[in-house]
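Structure record follows, encoded as C-alpha cells.
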Amino acid sequence: MAEGDVAQPGTQPGTPADVPGAASAKRHVGQILVAAGVVVFGAALAYGTALLPEATGYAKVGPRLMPTIVSGGLIALGLVLLKEALFGGFRGVDEVEAAANPTDWRAIAWISAAIIANGILMVPVGFVLSGTLLFVLAARGFGNTAWVKNAMIGLVIAVITYAFFNYGLGLGLPRGILPV
C-alpha cells in the first residue's frame, strides 16, 4: 500500500485481498484448466518419449530428441500459462469480447475430421490423396467452399511435398494407390 492509503476493514497490507489479481484468480478457472492441460499433455509426451529406444551410433541423436524438446517446451509453456492464470489471468485477453464471440464448433469439426481422415487414410490411399483431402477439409473449416480449387491446390502441395521427401530426402512416404 502507498503511504497515506487506508486498508479495508478486516484486511492487512500484503494479504491476498491486497495483492493485485489475487482476488480475480477464482474467475480464471478456465484459464487454469487450459494451463494444467498443457502441463499434463507435456508430461504425458515426456513419459511416452522415455519409452522410446535409445539412440545408437556415433551421433547419439535418435528418436528421443525432438519429442524431448517438444515435451519440455510444453511443460514450460504450461507452467508460464499457469502463473499467468493464477496472477491476474492471461494478459491481453478481453473476456467480454471472447464471450461475445462464441467458438465455431463447425469449423473445429471440419478441421478435426481433416486430421483424423488424414491419419486413417495415409497408408491405404497414400500421402498424396490423403494430403489433398486434408487440405480440402481444412480449407472448408476455414470457410472456403471452392471444393475443386481447394482440391487442385491441395494436390499440388501434396505432390511437391511427396516428391521432396521421397526423391529429395530419400524418406519414403506412403505411396498408396497411386503409381508414383
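The values are calculated or read from the model by the stated rules, or taken from the named source; none is laboratory data. Source: prediction; values computed, not measured. Ideal geometry is used to build each Cβ from the backbone, glycine not excepted, and the neighbour counts take in all protein chains shown. These area figures cover heavy atoms from the full protein model, side chains too; ligands, DNA and RNA do not enter into them. Shrake-Rupley method; radii C 1.70, N 1.55, O 1.52, S 1.80 Å.
Specify the residue that is farthest from residue 31 (Cα to Cα); the eligible residues are those in segment 101-117 that are open to solvent by less than 70 Å² (accessible area, probe 1.4 Å) and not β-branched (Val, Ile, Thr).
Per the stated criteria, the residue is 117.
Consider residue 75 carefully, then state whether it is assigned by TED's automatic domain parsing to the domain that holds residue 129 and either in contact with a strand residue (DSSP E or B) (Cβ under 8 Å, 6 or more places away or on another chain) or at pLDDT 85 or above (or both). So residue 75 does not fit the description; no.
The set of residues in segment 125-148 being of a type in the set (A, V, I, L, M) and either in contact (Cβ under 8 Å) with a residue 40 or more places away in the chain or open to solvent by less than 50 Å² (accessible area, probe 1.4 Å) (or both) consists of 125, 128, 129, 136, 137, 138, 139, 146. Being modelled with pLDDT under 90 and in contact with a Leu (Cβ under 7 Å, 6 or more places away or on another chain) holds for only one residue in 55, 59, 35, 25, and it is 25. Would you say residue 94 is open to solvent by 80 Å² or more (accessible area, probe 1.4 Å) and modelled with pLDDT under 80? Yes: the conditions hold for residue 94. Kindly indicate which of 115, 111 is touching a residue at least 12 places away in the same chain (Cβ under 8 Å) and in contact with a Gly (Cβ under 8 Å, 6 or more places away or on another chain). Result: 111 is the single residue among 115, 111 that is touching a residue at least 12 places away in the same chain (Cβ under 8 Å) and in contact with a Gly (Cβ under 8 Å, 6 or more places away or on another chain). Within segment 149-175, the set of residues being open to solvent by 90 Å² or more (accessible area, probe 1.4 Å), under 26 Å from the mean Cα position of the chain (by Cα) and hydroxyl-bearing (Ser, Thr, Tyr) is empty. The requirement of being in a helix (DSSP H, G or I) and over 28 Å from residue 49 (Cβ atoms) is not satisfied by residue 73. If you go through segment 37-71, how many residues are within 24 Å of residue 90 (Cα to Cα) and open to solvent by less than 40 Å² (accessible area, probe 1.4 Å)? Going through segment 37-71 one residue at a time, the tally reaches 5.
The helices (runs of 4 or more DSSP H) located wholly in segment 83-180 that include 3 or more residues which are under 29 Å from residue 38 (Cα atoms) occupy 95-100, 105-125, 127-141.
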